[in-house]
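Step one of this worksheet: look at the structure below.
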Amino acid sequence: MSGTSVQGRSLGAIDAVTALLVILLMVQMWLLTATLDAFLAGEAGTAIPGAIVSGLLFAACLGLYSFVMRLDREARRQQQQE
């Protein structure tokens, strides 16, 4: 397999993961504002579930970020070996 196809696939995967990260971060910001609005309105019961879901979204974003870093590292290694 040629290096350009490996690098092209890596770049395509990185683009897809970046788009997914943007969507997840937008959902997390919406969740933060909705949870904070409900908490300030006196509905304290929504704060814990909102914090848990926000933590899960953060963990998903962290996992996707580490995946992108690994893909980038492998693509650079392939490029240097050529």
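A few points about this structure:
- Single residue of 57, 71, 11, 40 found to be at pLDDT 90 or above, surrounded by 11 or more Cβ atoms within 10 Å (Cβ to Cβ) and aliphatic (A, V, I, L, M): 57
- Those residues of the range 14-37 which are among the β-branched types (Val, Ile, Thr) and modelled with pLDDT of 90 or more, in sequence order: 17, 18, 22, 23, 27, 33, 35
The values are calculated or read from the model by the stated rules, or taken from the named source; none is laboratory data. Every value quoted in this text rests on a predicted model; they were computed, and no experiment measured them. Every residue, glycine as well, gets a Cβ built from its backbone with ideal geometry; the counts of neighbours run over all protein chains shown.
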